[in-house]
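Q: Once you've had a glance at the structure underneath, I'll fire off some questions.
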Amino acid sequence: MAEAVPPSNRSPNVVATRLPELVLIEVLRTHLASAPAIEHGWMAALRDPVLAPALALLHQKPQRRWTVAELATAVATSRSVLDDRFRQLLRQSPIRYLTAWRMHLAMELLATTALSVSVIAQRVGYDSEEAFSRAFKRERGLSPSHWRAARSSPLAPTAS
């Protein structure tokens, strides 16, 4: 039977790699607990008992076909309360927020991987490459493949 490694015999690398993360989390927690109240935006949403878990779900599972009703049920509130909170604190609907989050993730994948547009579309919650391309072009002004090409071109201005 294998014995558990006592804490004193654990690799110091585990502590060294996790320590900065833990310190940052504690600093942020302390700051948020003592910061003055913010009426809207990210900081307010992170403090909100309805929005915080809703945002966590959207961020954890952006590929899921969320509806406002499903998200509201998952965070134990009504659709109207959830929608009102999103609009009051984040100035957009839950589905609009989800679309923006998906586009952010897609841009990261387009910029940092060689994954096909079709694979990226599926990873960020679109059933078809065409639907994803239309949504991406509506948000960014270029198709995903053109945006990627413009990003990688040394002569092209950086797209935001």
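The values are calculated or read from the model by the stated rules, or taken from the named source; none is laboratory data. Here the structure is a predicted model, which means the values were calculated and not measured. Cβ: placed from backbone, ideal geometry, glycine included. Neighbour counts: every protein chain shown.
Q: Over 29 Å from MET43 (Cα atoms) and not assigned by TED's automatic domain parsing to the domain that holds ALA44, is that true of ARG138?
A: When the stated conditions are applied, ARG138 does not pass them.
Q: Counting just the residues of the stretch 105-132 that are buried (at least 19 other Cβ atoms within 10 Å of the Cβ) and small (Gly, Ala, Ser), which one comes out farthest from PRO144 (Cα to Cα)?
A: Only one residue tops the list, namely GLY125.
Q: Taking LEU89 as meeting all but one of (1) in a helix (DSSP H, G or I); (2) out of contact with any His (no Cβ under 9 Å at 6 or more places or on another chain); (3) more than 21 Å from LYS61 (Cα to Cα), write down the number of the exception.
A: (2)
Q: Moving to a separate point now. Which of the residues spanning the stretch 92-117 are free of Cβ contacts under 8 Å to residues at least 12 places away in the same chain, in a helix (DSSP H, G or I) and more than 15 Å from PRO62 (Cα to Cα)?
A: THR112 - this is the single residue of the stretch 92-117 that is free of Cβ contacts under 8 Å to residues at least 12 places away in the same chain, in a helix (DSSP H, G or I) and more than 15 Å from PRO62 (Cα to Cα).
Q: Sticking with this one: Assuming TRP66 fulfils every condition listed in (1) in a loop (DSSP other than H, G, I, E, B); (2) surrounded by fewer than 16 Cβ atoms within 10 Å (Cβ to Cβ); (3) not charged (D, E, K, R) apart from one, which condition is it?
A: Going through (1) in a loop (DSSP other than H, G, I, E, B); (2) surrounded by fewer than 16 Cβ atoms within 10 Å (Cβ to Cβ); (3) not charged (D, E, K, R) one by one, TRP66 breaks only (2).
Q: For the stretch 66-94, which positions are within 13 Å of LEU51 (Cα to Cα) and aliphatic (A, V, I, L, M)?
A: Scanning the stretch 66-94 gives VAL68, LEU71, ALA72, ALA74, VAL75, ALA76, VAL81, LEU82, LEU89, LEU90.
Q: Sticking with this structure for a sec: In the stretch 43-73, which residues are under 15 Å from the mean Cα position of the chain (by Cα), in contact (Cβ under 8 Å) with a residue 12 or more places away in the chain and over 30 Å from SER128 (Cα atoms)?
A: Hits for the stretch 43-73 are ALA45, LEU46.
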